[in-house]
1. What net charge do the residues around Ala101 carry, taking every other residue with its C-beta under 15 Å from that of Ala101, with Lys and Arg at +1 and Asp and Glu at -1?
2. Which value in nm describes the separation of the simple spin-label points at Ala101 and Ala115, placed 7 Å from the Cα toward the beta carbon?
3. Compute the signed sum of charges (Lys and Arg +1, Asp and Glu -1) over the other residues within less than 11 Å, Cβ to Cβ, of Leu57.
4. Looking at segment 36-103, which GluC sites (Glu not before Pro) are DSSP coil and have at most 15 other C-beta atoms within 10 Å of their C-beta?
Amino acid sequence: MPGSLCVLMAARLFSHATNSFKEMTATADILPPKQADMQKPCAGQPYRPSNGLEGDLFRESMCERCGSLTNEHGNPCQVMVMTMHYCRDDPDYPREWQYSATGQPTCTAFHEAGAPVPKARCEYTVDLFGA
């Protein structure tokens, strides 16, 4: 019984993701609306795909459209590499993969491929010029 439930959930997840794939924004709208609503209280908390299908959908909707998929030296995105290396509860798990306010997973390091790369700011430096 649990195996058939997983197949049913995967089919629903895949169906929802393929139906809304054309309307992607800076979040990976891969979760069905009811499930996303349940994740809203988790906004800002680390996100980790619950299975391979969900991971593939997230990667396709976020990572494949991101300008950081590889860096200027051809190395893969370190956020993606670190999410595969650490458990979600590990202090070294990347903070970039998290739930958005809508309950959908997102990557805060995302920037559209071809767009200029935003400059990183030190979170401990005071903004003196309002930039």
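1. Charge balance in the 15 Å sphere: -1.
2. 1.7
3. Local net charge: -4.
4. Hits after loop and neighbour filter: Glu72.
Just so you know, all these numbers are worked out from the coordinates, no wet-lab data involved. On a predicted model such as this, the values are computed, not experimentally measured, just so you know. Reconstructed Cβ throughout: ideal geometry from the backbone, glycine too, with neighbour counts over all protein chains shown.
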